[in-house]
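Just below is one structure, and these are the notes that go with it.
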Amino acid sequence: MSDNAPADHAAAADQAAPIPGAHMAAELASQPETWARAAELRTERAALPASGERIAVVGCGTSWFMAQSYAHLRESAGHGETDAFAASEAFPHRGYDAVIAITRSGTTTEVLELVEQVRERSSATRTIAIIGDTASPIVDVADTIIGLPFADERSVVQTRFATTALAFLRASLGHDLSGAIEHAQAVIDGRLDPSLVEAEQFSFLGRGWTVGLAHEAALKMREASQSWTESYAAMEYRHGPISIAAPGRVTWLFGASPEGLADQVTATGARFEHAAIDPLADLVRAQRVALERARLFGLDPDSPRNLTRSVILD
């Protein structure tokens with residue numbers, strides 16, 4: 001055996017060992033590409049409810065937050081009443097023209113049960129599933145399937161599927177995503193501020209459609225790095241939650257800032273974080289912070305504590 005054998009074995013072991021968060025990192029970085037692909041799915045757009053139809057959008061966890069963002073965008077653009085629910089808390093008896101379920105895995109118990117309930121209650125309500133795994137059980141349950149297999153993921157912690165689903169839905173409302181894609185690429189290529197990664201606590205805020213993004217950013221930080229994070233509608237933040245703002249903590253706003261909020265946060269000694277970029281691209285920046293915090297703390301967001309890719313109840 002050569003004198004270099006131990007070193008060679010160590011190098012081979014290091015090469016074989018998975019890098020914590022490797023899947024999340026690769027999937028996160030691919031978002032500009034998957035958004036661009038989603039924006040081109042014109043045939044799939046035709047399967048969505050027509051303008052004027054009354055619809056509900058459902059999901060669990062991350063998918064629910066994307067549902068919230070889409071619901072606000074669709075209704076505020078005048079396309080019809082649009083409700084968003086956690087799948088376990090929906091009202092399938094309300095007589096919607098259609099129910100859209102967003103689900104990466106297509107196996108989540110609450111989503112499958114809700115879609116089945118809707119179909120049993122009324123043949124007049126169409127069920128549409130936006131999914132990542134096109135071989136999942138929901139394919140046999142929903143009336144219409146819109147597949148985004150190119151955005152499916154291996155990491156337990158979601159990044160690109162959720163944002164790609166929302167990018168697709170934004171494109172269906174006529175949004176030009178070129179700016180969002182450009183901003184997201186710049187975020188991915190840019191340098192993160194180490195003091196942001198090392199902050200003690202994060203409060204994420206949004207207004208209108210970006211409230212869902214704020215909730216998702218907070219969830220990402222909790223899932224990936226076990227961090228103390230909270231999320232609120234921006235105008236509600238001053239009704240109590242601002243009391244936790246302090247030096248070493250971050251208040252991060254997606255979208256337009258309410259008048260005076262930045263000054264009030266800064267006065268507490270907390271950092272007010274607000275980027276003049278498309279809010280969906282700013283969510284990618286929060287994803288990057290979550291990933292780097294996980295690595296800083298020695299955690300693997302591809303296999304986070306107490307979580308699985310899909311929640312399947314017995």
Could you pull out the trypsin sites (Lys or Arg not before Pro) across the range 12-99 that fall in loop regions by DSSP (anything but H, G, I, E, B) with no more than 16 other Cβ atoms inside 10 Å? R54
Tabulate in residue order the Karplus-calculated ³J(HN,Hα) for the range 165-181, using 6.51 cos²θ - 1.76 cosθ + 1.60 with θ = phi - 60°, rounded to whole Hz; enter x for Gly and Pro. 4, 5, 4, 4, 5, 5, 4, 5, 8, x, 6, 7, 8, 4, x, 4, 5
Between the DSSP loop rule and a limit of at most 10 other Cβ atoms within 10 Å, which chymotrypsin sites (Phe, Trp or Tyr not before Pro) in the range 108-183 are left? none
Going by Cα centres, the range 106-173 and the range 15-57 are how many Å apart? 12
Just to be sure I follow: if Rg is taken over the C-alpha atoms of the range 124-253 and Rh is the Kirkwood radius over the same atoms, what is Rg/Rh? 1.03
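Taking every pair of alpha-carbon atoms in the range 214-314, give the share separated by more than 23 Å as a whole percent.
Numbers: 1608 of 5050 pairs.
Everything past 23 Å amounts to 32 percent.
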Assertion target for I131, I181, ordered by fewest C-beta neighbours within 10 angstrom first, is I181, I131
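Please arrange L205, L219 by how many other C-beta atoms lie within 10 Å of their C-beta, fewest to most.
L219, L205
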Give a residue-ordered list of calculated ³J(HN,Hα) values for the range 45-51 (Karplus: 6.51 cos²θ - 1.76 cosθ + 1.60, θ = phi - 60°; whole Hz; x for Gly, Pro). 4, 5, 7, 6, x, 6, 4
Once the dipole of the chain is set up from charges on Cβ (+1 Lys and Arg, -1 Asp and Glu), the residue from the list L148, L177, Q226 lying farthest towards its positive end is L177
Ellipsoid equivalent to the range 21-132 - semi-axes via the Cα gyration tensor, in Å: 25, 18, 13
Search the structure for amide H atoms under 5 Å from the amide H of S231, placed 1.01 Å from N in the peptide plane, and list their residues when 5 or more places away or on another chain. F204
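Which order do E113, E223, E198 fall in if you start with the one that has the fewest other Cβ atoms within 10 Å?
Details: E113 15, E223 25, E198 12.
Placing the least packed residue first, the sequence is E198, E113, E223.
How large is the charge dipole for the chain, taken about the Cα centre, if only the Cβ atoms of Lys, Arg (+1) and Asp, Glu (-1) carry charge, to the nearest 20 debye?
Using only the charged Cβ atoms, the result is roughly 420 debye.
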T127 long-range amide H proximity, modeled H, under 5 Å: V99, D143, T144
Mind listing the phi-derived Karplus ³J(HN,Hα) values for the range 94-101, rounded to whole Hz, using 6.51, -1.76 and 1.60 with θ = phi - 60°, and x for any glycine or proline? 6, x, 5, 5, 7, 10, 9, 10
Full extension from S195 to E33: what is 0.36 nm times the residue separation minus their Cα-Cα distance, to one decimal in nm? 55.4 nm
Among T109, T134, F168, the residue whose Cα sits farthest towards the positive end of the charge dipole of the range 108-184, when +1 is placed on the Cβ of each Lys and Arg and -1 on the Cβ of each Asp and Glu, is F168
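Pairwise over distinct Cα atoms, reciprocal of the mean inverse distance: report the Kirkwood radius of the chain in Å, one decimal place. Can you show the working numbers first?
Working: mean 1/r = 0.0491 Å⁻¹.
Evaluated on the chain, it is 20.4 Å.
Please state the charge dipole magnitude for the range 29-172, taken about the Cα centre, from unit charges on C-beta atoms (+1 on K and R, -1 on D and E), reported in debye and rounded to the nearest 20.
Details: 13 positive and 18 negative charges, 68 e Å.
Computed charge dipole of the range 29-172: roughly 320 debye.
None of the figures in this text is laboratory data; all of them are computed from the coordinates on show. Remember, predicted model here, so these are calculated numbers, not experimental data. FYI the Cβ positions are ideal-geometry reconstructions off the backbone, even for glycines, and counts take in every protein chain you see.
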